[in-house]
Amino acid sequence: MNSEDKIISQDLRNSGVTHKQYVIGRRDTDTDTGTLNVGRYLALDKSMGSKVQMDALRPHAILICGKRGYGKSYTMGTLIEELAALPENVNIASLVIDTMGIFWTMRHPNTKEKDILSKWGLSPVSTDIELYVPEGSIGHYEKMHIDVKPFSIPPSELSGYDWCSLFGLDPISPMGVFIMKTIEDIKENAQEISLKTIMDFVKKDKEQDTTLRNAANNYFRSAISWGIFHEKGIIFSDIIRKGKVIVLDLSSIDNQNIKAIAVKILGSKIYHESIRSRRIYEQRKMGESPDEEGIPMVWMFVDEAHLFLPRDARTPATDILVTEWLRQGRQPGLSIIFATQRPAALHPDVMSQSDIIICHRLTAQDDITALEAVRPTYMREGIGDSLRKMGTEKGVAFIVDDNSESAHVVRMRPRKSW
């Protein structure tokens, strides 16, 4: 081990990195109820110290970052495992937005790391997940003998602006204006909206010339081939269920804006249902007996977050994720977990609104600078200095917890599922 890989006690003390045991995300540590086992403190000689636990009873905004191959998606999987293992009375539902198609393997026990797990006193165990994929991709997964369920988006959920975004059209171009007007007319006059309904409306609009109408219908014909739109759409209660982990695998879709539309629609529905659930909860606290049932607290995981919330651009998911989840999601009990290898390319609100940052190895200066911009005052030394002293070992993370106002060097635990 070379000198720069060593963790020096005095350096850590000077940087504000703590050795006292905490429950990350929680000020009080009187109970272990509703906590996630995420790893162990990294001792000075690189051996493992006491367990590190993370709170799951309160809403959190968590950013997981690190360069490729150093464990950010792996760490996300660890959190998913822990949430899946919580008792059902904790009342949490998990939704994983999987853009790379990597989380379906969690159905299988992690036998390849059996020896590593045994050193932690753990054994390979599969995680109970339900895998949803775009309806048009079902056949591909069935050929691979992967059990999946269909996911689809009702066209009625999309605005004219959303369609322009999907087709790469300027909303104020002749085609953009035509599509927006058509969608507005359909929503005012049609009972049920499907892609066929839209194409019929386009064809019947005699105010536009034939060339424009044919071109517009070609766009919507291409949308049929994406295999993700259906007039009925997914049933919301199938996606959000207490004690369940739902993985939405969008890796078969090339168009990033379609993925963002899926996140926008699901994120908005969850937010508004959570507001309603909060109202029901408050009524019961006041002694009333509402007939309605609320939804569980939701943890939503978004991998490759910079694709949904880029720093210098907007996507269909931007407003929902920033305004409803990051800024306003705490009150209705929503937790959001973002993972990215490029924090510098991420919307600045993700870092400023995150109460927990889990940072694996980073070397790009612009990424480190982006994190430094939100360095809390209780850290006496820069995040970049702390990352440098953390070393180059995979699976080691520097965790900044705004709840307990502390920072920790942690070796994240190995995953029990593949």
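Every read-out reported here was derived from the displayed coordinates using simple, explicitly stated rules and does not represent laboratory data. Here the structure is a predicted model, which is why all the values come from computation and not from measurement. Every residue, glycine as well, gets a Cβ built from its backbone with ideal geometry; the counts of neighbours run over all protein chains shown.
Tell me, ARG415, ARG380, ARG107, ARG68 in order of fewest to most beta-carbon neighbours within 10 Å? Before the final figure, lay out each step's value.
Details: ARG415 24, ARG380 12, ARG107 17, ARG68 9.
Listed from fewest to most nearby Cβ atoms, that is ARG68, ARG380, ARG107, ARG415.
Translational D (Stokes-Einstein, µm²/s) of the range 103-151 at 37 °C and 0.692 mPa s when Rh comes from the Kirkwood sum over C-alpha pairs? Stokes-Einstein gives a translational diffusion coefficient of 266 µm²/s.
What whole-number volume per residue, in cubic angstrom, does the convex hull of the C-alpha atoms of the range 68-146 give? Before the final figure, lay out the partial values.
Numbers: hull volume 10.2 nm³, N = 79.
Dividing the Cα hull volume of the range 68-146 by its residue count gives 129 Å³.
Mind jotting down the distance between the C-alpha centroids of the range 162-192 and the range 348-402, whole Å? Going from one Cα centre to the other spans 43 Å. Here the chain carries DSSP beta bridges of which approximately 35% are antiparallel, counting only pairs with both residues inside. Close amide H contacts of ALA61 (hydrogens built in the peptide plane, cut-off under 5 Å, sequence separation of 5 or more or a different chain): ILE336, ASP355, ILE356.
Could you list, in their original order, any pairs among LYS244/LYS389; LYS196/LYS269; LYS143/LYS416 whose Cα atoms are separated by more than 31 Å?
Beyond 31 Å between Cα atoms: LYS244/LYS389.
Would you mind telling me which residue in PHE236, PHE103, PHE338 has the biggest mean-square fluctuation in a Gaussian network model of the chain, where springs connect alpha carbons within a distance under 10 angstrom? The residue with the greatest mean-square fluctuation here is PHE236. Dividing the summed -39500 (n - 2.57) terms of all DSSP H runs of n ≥ 4 by the residue count of the chain sets its mean residue ellipticity at 222 nm at -10000 deg cm²/dmol.
Computed over the chain with a Gaussian network model linking Cα atoms closer than 10 Å, the most mobile of ASP209, ASP367, ASP254 is ASP209.
Among VAL133, VAL125, VAL245, the residue with the largest mean-square fluctuation in a Gaussian network model of the chain, with springs joining Cα atoms closer than 10 Å, is VAL125. Secondary structure note: in the range 286-418, about 70% of the DSSP beta bridges are antiparallel.
With neighbour counts taken as other beta-carbon atoms within 10 Å, the residues CYS65, CYS164 rank, fewest first, as CYS164, CYS65.
Using C-alpha pairs under 8 Å with a sequence gap of at least 6, the mean separation divided by the residue count of the chain gives a relative contact order of 30 percent. Helix 210-225 against the longest principal axis of the chain: what's the angle in degrees, Cα atoms only, rounded to the nearest 10? Result, in degrees: 40.
Could you tell me how far the Cα centroid of the range 221-274 sits from the Cα centroid of the range 91-112, in Å? Taking the Cα centre of the range 221-274 as reference, the centre of the range 91-112 is 17 Å away.
Might you report the magnitude of the Cβ-based charge dipole of the range 155-225 about its Cα centre, with Lys and Arg at +1 and Asp and Glu at -1, to the nearest 20 debye? The partial results should precede the final answer.
Working: 8 positive and 11 negative charges, 58 e Å.
Charge dipole of the range 155-225: 280 debye, to the nearest 20.
The alpha carbon convex hull volume per residue for the range 155-225 rounds to 80 Å³. Projecting the Cα atoms of PHE167, PRO155, SER222 onto the charge dipole of the range 155-225, computed from C-beta unit charges around the Cα centre, puts SER222 farthest toward the positive end. Rg/Rh for the chain (Cα atoms only, Rh after Kirkwood) is 1.01.
Divide the volume of the convex hull around the Cα atoms of the range 227-330 by the residue count and you get 118 Å³ per residue.
The Rg/Rh ratio of the range 204-285, with both radii computed over alpha carbons and Rh defined as the Kirkwood radius, is 1.15.
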